[in-house]
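Values in this text are rule-based calculations from the coordinates and carry no lab data. Remember, it's a predicted structure, so these values are computed and weren't measured experimentally. Please note: Cβ atoms are built from the backbone with ideal geometry, for glycine as well, and neighbour counts cover all protein chains shown.
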Amino acid sequence: MNKFLKVLIATLGAIDVVFSIFIPIIVALLLINISGRLGDWRGSVVIGGGMLASLFRAIKIGFLKSNDRDD
């Protein structure tokens, strides 16, 4: 495999990871925009849930990366 293809695959993988982490936050913000309850306490709960889901995904990806090594 040449270097260009490796760089392209690595870049696509990184973009996939970033989008998979931020999708819960984006969905939460879309739900708040549709319902129009940004200042309400329910909007804060939805944003908090999106942040917690993103944090969980980030931790999960981090642990998957550390377990793949055969040191």
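Just a few scattered comments:
- For the chain, the Cβ-based charge dipole about the Cα centre amounts to some 100 debye (Lys, Arg positive; Asp, Glu negative; other atoms uncharged).
- C-alpha long axis of helix 41-67 to longest principal axis of the chain, angle in °: 10
- Residues residue 63 and residue 26, FRET efficiency given R0 of 30 Å [Cβ-Cβ distance, rounded to 0.05]: 0.80
- Two-site label geometry, residue 55 and residue 33: point separation in nm, points 7 Å out along Cα→Cβ: 2.5
- Correct option for Kirkwood radius over Cα pairs in Å [calculated from the coordinates] among (1) 14.2; (2) 11.8; (3) 13.0: (1)
- Degrees between helix 3-35 axis and first principal axis of the chain (Cα, 0 to 90, nearest 10): 10
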